[in-house]
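Comments concern the structure below.
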Amino acid sequence: MSVPGSPSRGVHLQYTFQPEGQRGADVQNPLFDLLSAVRQHGSIQHAAVAMGASYRHVWGALKHWQEVMGQPLVTWTQGQPARLTPFAERLLWAETRARARLTPHIEALRAELERVLAEALDGSQQVLTIYASHDLALPGLRERASTEHRLHIDLKFAGSMDALRALAEGRCVVAGFHVPPLENSSNVFAQGLKPLLQPGKHKLIGCTRRTQGLMVAKGNPLKLRNLPDLAHHDARFINRQTGSGTRLLTDHLLAQANVAPHLINNYFGPTEDSHMAVAAALAAGVGDVGMGLEATAKAFGLDFVPLMEEDYFLVCLKDALEHPAVQKLCEVLHAPTWAHVLEDLPGYERADSGDVLSLTRALPWWDFKAPSKPAAKAAPKKRSPSAPSK
């Protein structure tokens, strides 16, 4: 919607082909790079030095963007640091949140475009479609697979349950999901995932282990230590979407602590669909706390309260283990370079990476024994001598 009397503005996106592909899903924009530099360094001169540009160039760019946006962007007085106007601050934080929300989708689009280019240049390259719960390490896996193993991973991010549904419907060869090391078969993970996985039919491939916890503002001003604390401090919670592994983990931890979800402020309010989107919302001050990864919290300058380690698994049909692309995937996960990817991500470590795992052994909460059988065997030992024989 345009404001009467203001210049017309719009958003224009484009992409280019380069000798070396882009890492991650970072989308550059000169306006927001400039605003970030001014806010960080407090002066146009220092911002220019940090950006490797001249004062005149930065000053001219600011004037240009103020004309384009129709709003002042920076204010300053003699002897005082330059400051972003309230409009520029709102614009910068809104863009940060939007970019965080779009990151998984941008990464998927870039992967698809690279797949098209790879097929056009070399039809012999293996292609593997993976639907996976959002994870910061997977783009690095995709990059290593392409550059070192001639395997193009068509990576699409979705919630854990949505990824497993995509596998069941034949929309992908491999799916990615994450679960904590639980043994109780009555937990929310068992209820949600059992219908989507079958022993003998599905095989797990070890990928990584990572730490989930509370992402909070720098200094943890509310002194939050666990999820029950949220109910006592009335902290504004930014939740993940239903069906995501992180939402399942949050529900599980609340049930374990015997805390009703409705006691958490905004638990059933608007949700975000990635760790990065939650972190961006917290960094913008929209909320006080959210569940997420340690690496994500660090990336957004947030503090992190660890709650639980969890395993991130890849899963495929048993027959797919013989597929050349799946075999190459296991090679990538076994390679030392995969460990190097994880070393750069706080809270990550290798865990059976590349190994084919038994579903029932990797998920100890998967109990297939009928409860009546062990009870019948144990009953004679507990009968009193006077009890009649059957």
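When PHE32 is tested against (1) part of a loop (DSSP other than H, G, I, E, B); (2) at pLDDT 70 or above; (3) under 26 Å from the mean Cα position of the chain (by Cα), exactly one condition is not met: (1). Restrict the check to the range 183-194 and report whether at least one residue is in contact with a His (Cβ under 8 Å, 6 or more places away or on another chain), over 23 Å from LEU307 (Cβ atoms) and surrounded by fewer than 24 Cβ atoms within 10 Å (Cβ to Cβ). Looking for residues that are in contact with a His (Cβ under 8 Å, 6 or more places away or on another chain), over 23 Å from LEU307 (Cβ atoms) and surrounded by fewer than 24 Cβ atoms within 10 Å (Cβ to Cβ), one finds none in the range 183-194, hence no.
Limited to the range 227-248, what total is found for residues that are out of contact with any Phe, Trp or Tyr (no Cβ under 8 Å at 6 or more places or on another chain) and either crowded, with 19+ Cβ neighbours inside 10 Å or at pLDDT below 90 (or both)?
Step one: filter the range 227-248 for residues out of contact with any Phe, Trp or Tyr (no Cβ under 8 Å at 6 or more places or on another chain), giving 227-229, 231-236, 238, 240-244, 246-247.
Checking the rest, the ones that are also either crowded, with 19+ Cβ neighbours inside 10 Å or at pLDDT below 90 (or both) come to 227, 231-236, 238, 240, 243-244, 246-247.
The total comes to 13.
Identify the residue in the range 208-226 that is of a type in the set (A, V, I, L, M, F, W, C) and either within 18 Å of the chain's Cα centre (by Cα) or farther than 17 Å from VAL289 by Cβ (or both) and, among all such residues, is surrounded by the fewest Cβ atoms within 10 Å (Cβ to Cβ). I'd like the intermediate steps shown before the answer.
Here is the first cut: in the range 208-226, the ones of a type in the set (A, V, I, L, M, F, W, C) are 214-217, 222, 224.
Applying the additional criterion that residues be either within 18 Å of the chain's Cα centre (by Cα) or farther than 17 Å from VAL289 by Cβ (or both) yields 214-216.
Values: LEU214: 27, MET215: 28, VAL216: 22.
Applying the filter and picking the extreme gives VAL216.
Looking only at the range 200-207, decide whether some residue is touching a Pro at 6+ places or on another chain (Cβ under 6 Å) and open to solvent by less than 10 Å² (accessible area, probe 1.4 Å).
Residues of the range 200-207 that are touching a Pro at 6+ places or on another chain (Cβ under 6 Å), as a first pass: none.
No, the conditions are met nowhere in the range 200-207.
Within the range 317-366, the set of residues being touching a His at 6+ places or on another chain (Cβ under 9 Å) and part of a strand (DSSP E or B) comprises LEU317 only.
Looking only at the range 249-274, residues that are more than 14 Å from LEU227 (Cβ to Cβ) and either free of Cβ contacts under 8 Å to residues at least 40 places away in the same chain or open to solvent by 20 Å² or more (accessible area, probe 1.4 Å) (or both) come to 5 in all.
Out of the residues in the range 121-155 that are under 22 Å from LEU249 (Cα atoms) and touching a His at 6+ places or on another chain (Cβ under 8 Å), state the one that is modelled with the lowest pLDDT. Out of the qualifying residues, it is HIS134. In this structure, does LYS156 turn out to be buried (at least 18 other Cβ atoms within 10 Å of the Cβ), over 17 Å from LEU293 (Cβ atoms) and charged (D, E, K, R)? It is true that LYS156 is buried (at least 18 other Cβ atoms within 10 Å of the Cβ), over 17 Å from LEU293 (Cβ atoms) and charged (D, E, K, R).
Residues checked against (1) farther than 24 Å from GLY285 by Cβ; (2) at pLDDT below 75:
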residue	(1), (2)
LYS63	yes, no
GLU67	yes, no
PRO72	no, no
LEU84	no, no
LEU92	no, no
ALA100	no, yes
ALA108	yes, yes
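The criterion of being modelled with pLDDT of 95 or more and small (Gly, Ala, Ser) does not hold for ALA158. The condition of being open to solvent by less than 20 Å² (accessible area, probe 1.4 Å) and in contact (Cβ under 8 Å) with a residue 40 or more places away in the chain holds for only one of ALA277, ALA362, ALA283, that being ALA277.
The values are calculated or read from the model by the stated rules, or taken from the named source; none is laboratory data. Since this is a predicted model, take the numbers as computed values, not measurements. Ideal geometry is used to build each Cβ from the backbone, glycine not excepted, and the neighbour counts take in all protein chains shown. Just the protein is used for accessible areas: all its heavy atoms, side chains included, with ligands, DNA and RNA removed. Shrake-Rupley method; radii C 1.70, N 1.55, O 1.52, S 1.80 Å.
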